[in-house]
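Asker: Just dropping this structure here.
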Amino acid sequence: MDDDLDAVRVAFDDETGVGTITMDRPDALNALNGQLRAGIIAGLQRLEAENEDADGVALRAVVLEGAGEKAFCAGADIGGFSEESAGASSERDHYEYIRDFPAPVIAKIDGYCLGGGLETALACDFRLASESSTLGFPEVNLGLLPGAGGVQYVTKLAGPAVAKELAMTGEYISAQRAADEGIVNRVYSDEGFEDEVDAFVADLAGQAPLAVQAIKDSAHMAVQSGLEEGLRYDAKLFGELLETEDHAKGAAAFNEDREPEFEGK
Ligand code: CAA
């Protein structure tokens, strides 16, 4: 597994419970080759292992970012994606791994976020972008469509007109336009970006982790199911959370007018 970590850097802060995976191919604008895709999965597995000996939930949130000044990720590595994608469908890919990961994953977008890079960000739970970032689906210029669900995701977030506009024209949009369309959660000034992202992630990491996991689960269910099935599912999750120590801690803290300290139990 350590070989798989060659194209990424992985860090874990045991004070905050925040893990960081840095896609580390800055000379190629962090384009996704096989090694980087495997690295993202291996990085998530390494971070998930922080929970193994923990009393409760140690890993509270994961930030996914790109190394260098210019890009989150400029998409699939154009040199080699045809052979990779031919063999990729049988395995659980990094998009699916991020989507199903128990802790929330935050795409920290600073620069180009294109093609498979945008699809990687769309598989994450949150997209936080600096105002000078640029997003888009250039695949049509290569005679392709976004192959990892880009049209599906953007249609659900922003509607079919926006999804078709992005994927059919291949034109890039600003972070602000992406936020206006509901594709990006927050846009921050370039100067304040690092601090604002840290504050957002710290807040998220301080929330009750079992409730956060259940909410992620519920949101996925809402996208895939009808309302009746989704409501039944949420009622089941709610019943389970009522039994947790975190719920008791949250209620006690409210009654005593202080901040709770959740443990994921
Ligand atoms: N794959 C491989 N290498 C890439 C790359 C990519 N997707 N994007 C950039 N690079 C490389 C460039 O080849 C260049 O390498 P060299 O210095 O060795 O020449 C380096 O990164 C820097 O890039 P540029 O010099 O092009 O930087 P720029 O600032 O002039 O332009 C850009 C930036 C507009 C993002 C331009 O690099 C670009 O258009 N990149 C391709 C974007 C793209 O089409 N992505 C979609 C790929 S398809 C896909 O993603 C679908 C899928 O999942 C299957």
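Rule-based calculations on the coordinates, nothing more; no lab input. All values derive from a computational prediction rather than experimental measurement. Note: ideal-geometry Cβ built from the backbone for every residue, glycine included; neighbour counts use all protein chains shown.
Asker: Using a simple spin-label model with points 7 Å from Cα along the Cα→Cβ vector, what separation in nm is obtained for A54 and Q152?
Answerer: The two pseudo-label positions are separated by 2.9 nm.
Asker: Excluding R9 itself, what net charge comes from residues whose Cβ is under 12 Å from its Cβ, given Lys and Arg +1 and Asp and Glu -1? The partial results should precede the final answer.
Answerer: Numbers: positive: R25, R46; negative: D6, D24, E65.
Value of the local net charge: -1.
Asker: Only Cα pairs under 8 Å and at least 6 apart count here; give the relative contact order of segment 3-206 as a rounded whole percent.
Answerer: On the way: 412 pairs, mean separation 38.1, N = 204.
Worked out over segment 3-206, it gives 19 percent.
Asker: Still on this structure, please answer the following. Among the lysines in the chain, how many pairs, 8 or more places apart or on different chains, have alpha carbons under 22 Å apart?
Answerer: Lysine pairs meeting the criterion: 11.
Asker: Please list log₁₀ I(q)/I(0) at q = 0.10, 0.11, 0.19 Å⁻¹ for segment 1-151, using the Debye equation with identical point scatterers on the alpha-carbon positions.
Answerer: Here the Debye-derived log intensity ratios amount to -0.32, -0.39, -1.15.
Asker: Count the net charge of all other residues whose Cβ sits under 14 Å from the Cβ of K164, scoring Lys and Arg as +1 and Asp and Glu as -1. Display every interim value, and only then the final one.
Answerer: Working: positive: K156; negative: E139, E165, E171, E181.
Around K164, the surrounding residues sum to -3.
Asker: May I ask you to give the average projected area over all directions of the convex hull of the Cα atoms of segment 1-76, in nm² rounded to one decimal?
Answerer: Details: hull surface 20.3 nm².
So the Cα hull casts an average projection of 5.1 nm².
Asker: I'd like the antiparallel share, as a percent to the nearest 5, of DSSP beta bridges with both residues in the chain. Write down the numbers at each step before the final one.
Answerer: Working: 8 of 31 bridges.
Taking every DSSP beta bridge within the chain, about 25 percent pair in antiparallel fashion.
Asker: Right, another one. Distances longer than 30 Å among the Cα atoms of the chain: what percent of all pairs is that? Spell out each step's value before the answer.
Answerer: Details: 10309 of 34980 pairs.
Considering the chain, 29 percent of its Cα-Cα pairs are separated by more than 30 Å.
Asker: Using every pair of alpha-carbon atoms in segment 209-255, split the distances into 5 Å bins beginning at 0 and state the percent of pairs per bin, rounded to integers.
Answerer: 5, 22, 26, 20, 14, 9, 4, 1
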